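First the structure, in the form of structure tokens, and then the observations on it.
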Amino acid sequence: MKIIEVIADAGHADTIQGIAEQHDITDVWFGPVNDDNRLAARMLVEAGKRQDVLDALQTLLSSSDNARIVVIPVEVALPKPEEASDDGDNGKKKAATISREEIFSQVEKDARLDGNFVLLVILSAIVAAIGMLENNVAVVVGAMVIAPLLGPNIAFSLGTALGETDLALDALKTILAGTALAVVTGCIIGWLWPGALNSTELMLRTDAFYSGAAIALASGAAASLSLVTGASSILVGVMVAVALMPPATTIGLMLSAGQQHAMWGATLLLAVNIVCINLSAKLVFLYRGIRPRTWLEARKARQSQFLYITVWLVMLLLLTGMIYLRHRTA
């Protein structure tokens, strides 16, 4: 349950009331009319109805410059309302548990290339590098949990799913910058490290296997599903299962040592993980009906979704072929 607050001209009151009745809203109430002839209306809305209500309100208020829609979390609502079932009268499944706008708000900040992101990448790369060099599993897991590169990848998939070009481009820029920074950090640590680069944890990140691709696909799907359902507790497991920072740092470590074969193995592992995360995220967003609000934007986004899915599939096939060739010639 969440509260959707609408601040709009008083003339929209009857239409807002009609939207509440149309979607069988649990409760709706109106505040007084202000001096600027606006009022605040609040609705207590279940999760399954929130997207439809937000779409209807945005359509109603699309031409109003002074209207605002705010989604407010609710800790407890008493007496406890009866939650609507996931299946409607026609047996169709609801597309997502939380609304498109809420998902976008959560993901959009992960696509930003700012000082905090840069610092997290550097710190995570340092932790990952030292953990692998010292063969300390606990430290490597700590670097995985920081996982600054996972968010931009999910943001990129969501941006393409919604046709949000700015979000997709920002996320892509963040992915490239973060990966390059992790590689450079690994190079610097490799140059400064006095010992041999042959620990077990490090060697594990210098090759890719078919099983790793399957794990990355499943983990990327779990991350996307946790996003659209609001089950954020799943993400910690995903961060560990499909880690991006250790192989990115391994590329830099092996590059500094001149170990080309191991460096390309780490690059292949990183590429497989990134492709699998994006592919599975795209499929989950498509399955759960994450799309733009208007039909024209949704049509364009649907066309681009199939294009992106095709591109990711082709890339995955190419990478699996490279894994086969690498192991055959080893």
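The values are calculated or read from the model by the stated rules, or taken from the named source; none is laboratory data. All values derive from a computational prediction rather than experimental measurement. Note: ideal-geometry Cβ built from the backbone for every residue, glycine included; neighbour counts use all protein chains shown.
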Quiz item: Here are some conditions: (1) more than 21 Å from residue 98 (Cα to Cα); (2) surrounded by 11 or more Cβ atoms within 10 Å (Cβ to Cβ). Residue 36 meets all but one. Which one does it not meet?
Solution: (2)
Quiz item: Being among the acidic types (Asp, Glu), at pLDDT below 90 and either closer than 20 Å to residue 230 by Cα or in a helix (DSSP H, G or I) (or both), is that true of even one residue in segment 53-73?
Solution: yes
Quiz item: Taking the stated definitions as given, is residue 196 under 15 Å from residue 252 (Cα atoms) and buried (at least 21 other Cβ atoms within 10 Å of the Cβ)?
Solution: no
Quiz item: Got at least one residue in segment 50-66 being hydrophobic (A, V, I, L, M, F, W, C) and in contact with an Asp or Glu (Cβ under 7 Å, 6 or more places away or on another chain)?
Solution: yes
Quiz item: Looking at 222, 171, 125, which is the one that is over 14 Å from residue 274 (Cα atoms) and in contact (Cβ under 8 Å) with a residue 40 or more places away in the chain?
Solution: 125
Quiz prompt | Any chance residue 19 is in contact with a helix residue (DSSP H, G or I) (Cβ under 9 Å, 6 or more places away or on another chain), part of a loop (DSSP other than H, G, I, E, B) and surrounded by 15 or more Cβ atoms within 10 Å (Cβ to Cβ) | solution = no
Practice problem: Output yes when any residue across segment 147-165 is part of a helix (DSSP H, G or I), assigned by TED's automatic domain parsing to the domain that holds residue 265 and surrounded by fewer than 18 Cβ atoms within 10 Å (Cβ to Cβ), and no when none is. | Solution: yes
Quiz item: Are there any pairs, at least 6 apart or on different chains, whose C-beta atoms fall under 6 Å, with the first in segment 243-270 and among the charged types (D, E, K, R) and the second modelled with pLDDT under 90 and surrounded by fewer than 20 Cβ atoms within 10 Å (Cβ to Cβ), and if so, which?
Solution: none
